[in-house]
Amino acid sequence: MGGLIIVNNKQLETKEYKGRRVVTSWDIAKVHGREVKKINQQFERNKDKLVKEKDYFLMSREEFSGSLKVTQKFIPNNVKEIPLFTESGYLMLNKTFNDDLSWEIQRQLIDNYFKTKALKVPTTMKEALQIAIDLENENRELHAKIKHDEPKLDYLSDVLESEGTLLATQIAADYGLSAIDLNRKLHEEGLIRRVGSQWVLYKKHMNKDYADSETTLYFDRKTGEEKLKVETKWTEKGRLKIHEILAGLGIEAKVV
């Protein structure tokens, strides 16, 4: 391990793994003033968009304890694998931190931590040229990946920051679907079932805070009477579950 670097007035010990400068969830939580659990949850939500061995590495608890534990004094017993984020992986996770302070911390971490990583010292002109080419290609790939995934991460960020609940019709519109199509797909994937005129969660998904039922009063034009209607409204957690299901089906949000 290397020396100490100051980021956001906090000491951060430099770490390298397989020749790459990396940070842990604990590091990110420390400098951004967030809970480690939140960082890990954000990683799990976006794991399918990150490339293993490029954006992050997974180190076993045993390997971590043997080489990097000096940088992290306490590791919960239920932690079996520790993700190590490269510069590109950190930037992808940091896309969901939109406040001004987070942007400043990101700048400090990139400039003072990742950009100061040790480089292989070339011994020949050929090696020097190859290192320059590799760095240029890595930089291009990083910016291309961020640009490609930025709309998707922005959409997920909007979901995470949203308040209240939404009807299936509102969520379906984000994916270019009708409410009928959305409910059918969620039914086929085992999330909801029809009970009378309402779609409700299957029992195994109840008590997960995916959705709420809301009773509203409406006017029935056929009978000229006021009637009650029960509707399912999706919470923030439910919207993330729907996003996960649709992404698995190859259906992405229609973000601009």
(request) Could you name the aspartates and glutamates whose alpha carbon sits less than 12 Å from that of Lys254, not counting residues in the same chain fewer than 8 places away? (result) Asp154, Asp174
(message) Here is the link list: Lys38/Lys241; Lys47/Lys95; Lys49/Lys115; Lys30/Lys115; Lys37/Lys233; Lys37/Lys203. Which ones come out longer than 22 Å on Cα distance?
(response) Lys49/Lys115; Lys37/Lys233; Lys37/Lys203
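FYI, it's all coordinate maths here, none of it is from the lab. All values derive from a computational prediction rather than experimental measurement.
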